[in-house]
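Read the structure below first, then the notes.
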Amino acid sequence: MKQSLQLRTSQHLALTPQLQQSIRLLQLSTLELHQELEQLLTDNPLLERLDDPLDHSLRLLSDGAISQQAPSGEAPSESGPQEAAPAGEADTYDGPAADTESTTAEADMDWSDAGRSKAPDDEDARPQIEAHHCTLREHLMEQMRVTVLELRDRALVELIIDALDENGYLEEALDEIHARLPEELEVDIDELQTALSLLQSFDPAGVGARNAAECLALQIKRLPGIPMVTRRMAVAIVEKHLTWFAQRDFNKLKKALLCDDEDLREAQTVIRQCNPHPGAAFASDVSDYVVPDVIVKKSRTGWQVSLNNDVMPRLRVNAMYANLLKQKKGDGGEGAMGAQLQEAKWLIKNMRQRFDTILRVAQAIVERQKNFFSHGAVAMRPLVLREIADTLGLHESTISRVTTQKYMLTPHGMFELKYFFGSHVATEAGGEASSTAIRALIVQLTGAEDPKNPLSDSKIADMLGEQGMVIARRTVAKYREALKIPPVSLRKSL
């Protein structure tokens, strides 16, 4: 076969680096966006951030150092801080939230006077240090030091404390703990049992229990102001019939305990005062906070959507480097800094486009879900990504990226933008009902039901059918499980 060269023309779609960056910034959450931005600011010296809190702190420290170096009879010079600021004031390229007047006001502010206006002993001027978090082990060890005097007993109690889990339970059996101890210590199993009994007398009540039944029984025995008959019945329930109690099988409980509804109701009230996880209060859980990207407020003309300025970074190109590149442009000496200048311009443009797209999508969502903002989740209408995409002239994948991990603050709470999209269920009138509205109705129906005669899934489906929403029983069960609502057998009470 003879080899030859042929020239062909064809069309294909290529993603430019600018477009790739735009897509990546659009799908990032607020936290991921700021992390990405910090990396870009580190790699590109031509990019600056106007709202950097560290920059304000450094200016405050530098002004304080200047005021300390000035003679006692002279005021610190005002020219120092103001001569360092103009480098940023002459920049041309601002981010989406850049405000010339506010930037100038920040640059003209006398930070040294603001720092000297507070007395040194002002509580607001002192650094706020987080209080030490007391763990369960530290809490128990402190009680042991006060109540246990013998060193041998302290060692045994500490051994059991170290075997507790985060909920305060002793998962390892005493026989296993005893088998791990060296024989030369001559520790008897009865000594370990005594140490466990001593630990179980500590606060919080129920600590050191080996199972849920023992944990509840220890707490019931220490509850004050309970009649002896009720206390004995409650202890008997948790020690012998805890499974029936969890399943709310009250008929079997009444037969086994030979009691009536009133006695069982009093014992149930006592058991509900107990905490099955006594050590959970000492867990160091870190709260996760969500910052909204858009805010919805009620005005005279309707519902208004605005971007959250606190999450919008204010970017610009460094004026000094830009002027140097402009001077060397005729000499052909741009080099790598010329590429970094172009990348900084791209980033500012893509950042502006990101927030503009989020705002447009949020406005379109609010326009179609006005009933939700006025009446709540029960008035949510069905909505799909294609509907918003066709309205804004964007692709569905773009709408999906915008609505992922982006949050909206509303009078009803904070929701992810994806919350406003949901499938539809046909109604008898030929219309459609949102699955979100059906979930809200299920919550309302189960919240207003009679605890002695709770609604079954079939009954809920029938009640929704009376309102014109044709829905199967298994669909009700699916929605109920998604809402973490227990089944009818576990919602029944005396």
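The values are calculated or read from the model by the stated rules, or taken from the named source; none is laboratory data. Remember, it's a predicted structure, so these values are computed and weren't measured experimentally. As a convention, Cβ positions derive from the backbone with ideal geometry for all residues, glycine included, and neighbour counts pool all protein chains shown. To get the accessible areas, we keep the full protein, side chains included, count just its heavy atoms, and leave off ligands, DNA and RNA. Shrake-Rupley method; radii C 1.70, N 1.55, O 1.52, S 1.80 Å.
Which GluC sites (Glu not before Pro) in segment 309-377 pass both tests, a DSSP loop state and at most 16 other beta-carbon atoms within 10 Å? Answer by residue number: 334. Per-residue packing, averaged as other Cβ atoms within 10 Å, sorts the ranges 25-37, 2-14 into the order 25-37, 2-14, beginning with the highest.
Shape class for segment 136-273, computed from the alpha carbon gyration tensor (a ≥ b ≥ c): prolate, with a/c not under 1.5 and a/b above b/c. Across all directions, the average projected area of the convex hull around the alpha carbons of segment 294-491 is 16.6 nm².
Residues in segment 294-491 average 53 Å² of solvent-accessible surface per residue, probe 1.4 Å, ligands and nucleic acids excluded.
On the full set of protein chains, 1.4 Å probe, figure out the accessible area of residue 259 and give it in Å² to the nearest 10. Result for residue 259: roughly 20 Å² accessible. Dividing the mean sequence gap of close Cα pairs (under 8 Å, 6+ apart) by how many residues segment 294-491 holds gives a relative contact order of 16 percent. Taking all Cα pairs closer than 8 Å and separated by 6 or more residues, the relative contact order of segment 304-386 comes to 30 percent. The spacing between segment 439-463 and segment 240-273, judged by their C-alpha centroids, is 24 Å. Note on segment 253-377: the alpha carbon radius of gyration divided by the globular reference 2.2 N^0.38 Å gives 2.21. Out of every Cα-Cα pair that segment 4-51 contains, those further apart than 16 angstrom amount to 61 percent. Between residue 474 and residue 342, the simple label model (points 7 Å from Cα in the Cβ direction) yields a spacing of 5.9 nm. For segment 136-273, averaging the sequence separation of C-alpha pairs within contact (under 8 Å, six or more residues apart) and dividing by the residue count gives a relative contact order of 17 percent.
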